[in-house]
Every structure is written in C-alpha cells, then in structure tokens.
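> Just passing along the structure, written as structure tokens.
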Amino acid sequence: MTFTKKTLFVGLAIAQIITIAAPNYASAKELALKVFPVNDLKSGFCPSEVTLMEKGRPYTEGSYTVDGEAKLDWLAGAFKIVATDRFSVTWQAKLQRKYQNCIATAGFGYDAEERTQRHSYLRMQFDKGNVYLILDMTGKYDINSLTATIRNQDVKDGNPIWAWTGSD
C-alpha cells in the first residue's frame, strides 16, 4: 500500500470511529411532560401529558445547540412571551375551552431506570384559564459545570420556539 492509500485508509477509519462514538446531537426527540393536577377536587379536566420536541443541531467544536418547539394549538390559543431573564423565558396562552378549568403543573416525570425525578428545565403551569410554558436553565449544567444558555426565544405560528446551548 502506498503512503497516500495508507493515509486515506487511516483517515477514513478515524472518521468512522468519530461518527460511531460521537453523541448524536442532530436527532430529534419528543419530550413528554407529565401533567400533575392539584391535590383537590377543583383541578378540572386536564390533559395527562404534553409533548414537546427538541432537536440538536449538527455538532460544532466546543459546544452544542438544541432547538425546541411546542406545537400546542390542540391545547391553547396563540402563545406570547410574558417574561424573560438571563436564565428563563415564560410563554403564556389561553387554554382551549375543554381545558379552561384545569389547575395543574407539568414537568419531566420519574425516571424508572435511574429511580430519580429528572430535572425539568421545561415546565408548565395551568391556572385561571391560562397555560404557561417555562424554559428555565436554573440548575441545568453542561459537562464543564457551566449553566446552559438560552440563545433564542420566540413564537412561530402561535407556538413557542427556543434554542439553548452548552459547552462540551
């Protein structure tokens, strides 16, 4: 084998190893937020679960970015941003008539494999005919013990969209 062929072969082998070993940040995943009604008889009719989507952008050296969206027209009217700060954003919308009396919260549920409750950086509140979606990076840290950063928060076609990033 010539030097050029050896170099090409080694380069392809390294690329294949990196592809197999690297985390797949570019895959989309559904995030299920479990709805927890208040502990009394006045919680109204609530959904049992709300599904949001997040998808990692292609890997870039030194950091990663995750884009998210919440298509919630089945649950509520058009969302608007009602609060932001360095670590969080809150969107609000009027609940659909079916859920107007729902009083509940939602977040990531219990992880049966790890036997722990997962950190819920995405949460919801249902109260007084409104629903609030909260993206909160408080306590969400990356591999370098740095707080994840919200890069974008907006509304597209009446639905919340966001992007957050961390270092690797």
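Every read-out reported here was derived from the displayed coordinates using simple, explicitly stated rules and does not represent laboratory data. Owing to the predicted nature of the structure, the values given are computational and were not obtained by experimental measurement. Cβ atoms come from the backbone with ideal geometry, glycine included; neighbour counts cover every protein chain shown.
> Which of the GluC sites (Glu not before Pro) found in region 58-160 are in a DSSP loop and have at most 16 neighbouring Cβ atoms, other than their own, within 10 Å?
Working: sites: 61, 69, 113, 114; in loops: 61, 113, 114.
Taking region 58-160 and a limit of 16 other Cβ atoms within 10 Å, the loop GluC sites (Glu not before Pro) found are 61, 113, 114.
> Same structure, new question: So if I place +1 on the C-beta of Lys and Arg and -1 on the C-beta of Asp and Glu, and nothing else carries charge, what would the dipole magnitude of region 25-167 be about its Cα centre? I want it in debye, nearest 20.
It works out to roughly 440 debye.
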